[in-house]
């Protein structure tokens with residue numbers, strides 16, 4: 001196993017690895033799953049497939065990607081993916097969700113049919129909360145992983161700015177009510193766990209989402225240096241700040257933006273208005289092979305998002321040997337260490353972001369040094385280490401259930 005990627009932080013626990021002596025039947029509940037394109041969906045699919053490769057019997061229950069419920073099917077190395085009836089989310093062309101009552105009923109039907117050794121939910125929304133409630137009532141050991149920050153919801157829900165703080169506090173309280181029933185709660189980084197403690201009053205363990213390091217490696221930078229962004233094109237990603245900063249970066253560098261979302265049209269218009277139409281390319285969503293190629297050919301990767309509990313795409317860029325310029329926000333400083341594998345800037349500081357990008361684009365030797373350091377740091381986040389950690393968590397909760405351990409109460413939330 002690769003060593004612990006996180007430093008020791010008071011009050012934040014990192015699970016020890018416990019060898020699983022027999023295959024487990026694991027039921028994973030998710031409110032987003034491929035073909036959805038986002039970090040939580042990608043992680044859930046990798047976790048499920050990785051556990052299956054290790055000999056565990058893995059079931060996933062998630063919203064249907066077509067609308068209609070379906071019998072379990074094998075998908076991408078996962079033996080059984082159970083789909084529940086879903087509906088399009090207004091304003092989201094590609095995202096589907098289940099209604100609360102039917103989601104809970106459907107998830108609990110799968111629970112009764114599968115009879116898992118452990119349930120692992122990936123969200124506190126309709127599927128996750130219904131499955132977690134049913135598993136807790138049945139005495140089944142439970143694990144809950146948090147990928148959620150309210151900032152990721154506010155844009156989709158069209159919450160007015162004046163109400164954002166109040167809605168954010170409500171969202172954390174809602175998460176606390178749901179995840180308080182879990183035997184163990186995890187989050188991808190120590191910072192993400194600190195947020196659980198501070199905002200939801202929940203204790204938790206830090207387990208990196210991990211990446212498949214075998215897919216990534218250094219490649220040749222194109223003659224015309226490229227800055228790369230990968231992610232959803234939504235407000236909290238702050239790609240508009242990146243575009244404005246790039247307008248201050250001297251040519252002939254280019255900006256490549258991979259991903260899609262509700263802000264694509266507005267940000268494409270911004271690039272045109274700033275005279276960048278020939279230097280900024282919006283590629284939309286791409287497949288995994290094309291994404292690997294994009295990492296390898298770029299000179300610098302940039303993550304301006306302000307709501308990252310880990311940022312798998314930043315890890316993938318690091319594993320590809322690319323220096324990273326990132327916002328000094330939430331969990332990104334766990335990955336990007338200024339002067340070692342990249343640079344941080346204060347969110348909203350467009351001039352500072354432009355200066356950081358220019359400094360790296362003008363200095364190939366520093367890019368090479370930082371890229372090598374990034375590869376070294378990313379090695380601690382190999383998916384095998386994540387699978388080891390979750391196997392240990394599953395063993396812990398099953399031992400706790402066998403001893404009749406009482407679930408801890410939810411701490412008070414301000």
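The figures follow:
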{"read-out": "Which listed residue is touching a strand residue (DSSP E or B) at 6+ places or on another chain (Cβ under 9 Å), in contact (Cβ under 8 Å) with a residue 24 or more places away in the chain and surrounded by fewer than 19 Cβ atoms within 10 Å (Cβ to Cβ), from 274, 291, 248", "value": "274"}
{"read-out": "Residues of region 361-373 classified as closer than 26 Å to residue 248 by Cα and under 29 Å from the mean Cα position of the chain (by Cα), total", "value": "7"}
{"read-out": "Members of region 149-205 found to be closer than 19 Å to residue 95 by Cβ and either in contact with a strand residue (DSSP E or B) (Cβ under 6 Å, 6 or more places away or on another chain) or at pLDDT 90 or above (or both), listed by number", "value": "171"}
{"read-out": "Output for region 48-82, where each listed residue is surrounded by 15 or more Cβ atoms within 10 Å (Cβ to Cβ), modelled with pLDDT of 95 or more and out of contact with any helix residue (DSSP H, G or I) (no Cβ under 9 Å at 6 or more places or on another chain)", "value": "48, 49, 52, 64"}
{"read-out": "Among the residues listed as 306, 257, the single one being more than 17 Å from residue 221 (Cβ to Cβ) and assigned to a strand (DSSP E or B)", "value": "257"}
{"read-out": "Count - residues of region 83-122 that are in contact with a helix residue (DSSP H, G or I) (Cβ under 7 Å, 6 or more places away or on another chain), surrounded by 18 or more Cβ atoms within 10 Å (Cβ to Cβ) and not in a strand (DSSP E or B)", "value": "8"}
{"read-out": "Residue check, residue 34 farther than 21 Å from residue 259 by Cβ, in contact (Cβ under 8 Å) with a residue 24 or more places away in the chain and assigned to a loop (DSSP other than H, G, I, E, B)", "value": "no"}
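The values are calculated or read from the model by the stated rules, or taken from the named source; none is laboratory data. This one's a predicted model, so the numbers in the text were calculated from it and none came from an experiment. We place every Cβ from the backbone using ideal geometry, glycine too, and count neighbours over all the protein chains shown.
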